[in-house]
Amino acid sequence: MPLCYNYLMKKSKKSNTVTVNRRASYDYHLGDDLSVGMSLTGPEVRLIRDHHVQLKGSFVTVRNHELWLNNLTLGSETARNIRLLATKKQIASLERQKIDGSTIIPTKLLAGGRYIKLVIAVGKGKKKYDKREAIKNRDINRGRY
């Protein structure tokens, strides 16, 4: 009886992260994160799957009880405002935190399976001395001092 090669071969785990907003953790004290869907067109999906996307400088706003992603760079152009898909309860929670002075920041873009997801986090802006402290701690952990 022949052995099935598919059974014996291990599937390689591909990373489903398309892009990460590394600047977000530097500029903000990040809190809880939330994974939301995105309302995209076909060409936008292709650009994201081909890694032609940048989260740097993008932000999330709440308008008419809906989440919107602004300033997402797709390809060589800044894309239109993209509607984010979340439940009413999640949106209400984010609105309350935004009123308290927090900012909603996109941190990761995931495209591992069938759907493209955006991970957003609620954060408070860091002061200049907080940023210098973060640089100092990072350098100490690397062993430079």
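Read-outs throughout are calculated quantities, based only on the coordinates presented, and are distinct from any laboratory measurement. All figures in this text were calculated on a predicted structure; none of them were measured in a lab. We place every Cβ from the backbone using ideal geometry, glycine too, and count neighbours over all the protein chains shown.
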statement: Residue by residue through the stretch 125-141, the couplings from Karplus 6.51 cos²θ - 1.76 cosθ + 1.60 with θ = phi - 60°, in Hz, x for Gly and Pro, are x, 8, 7, 4, 5, 5, 5, 5, 5, 5, 5, 4, 5, 5, 5, 5, 5
- line: Taking Rh as the Kirkwood radius computed over alpha-carbon pairs of the stretch 63-139 and applying Stokes-Einstein at 10 °C with viscosity 1.306 mPa s, one gets a diffusion coefficient in µm² s⁻¹ of 107
task: Using R₀ = 41 Å, calculate the FRET efficiency as 1/(1 + (r/R₀)^6) where r is the Cβ-Cβ separation of Q90 and R132; round to 0.05.
output: 0.75
- line: Quotient of Cα radius of gyration and Kirkwood radius for the stretch 16-125, i.e. Rg/Rh, equals 0.94
field: Nonlocal amide H pairs with K108, under 5 Å, H built at 1.01 Å
entry: N21, V119
Highest-first arrangement of 31-43, 100-112, where packing means the average Cβ count within 10 Å: 100-112, 31-43
task: Figure the gain on full extension for V45 and S76 (residue separation times 0.36 nm, minus the Cα-Cα span) and round it to one decimal in nm.
output: 9.7 nm
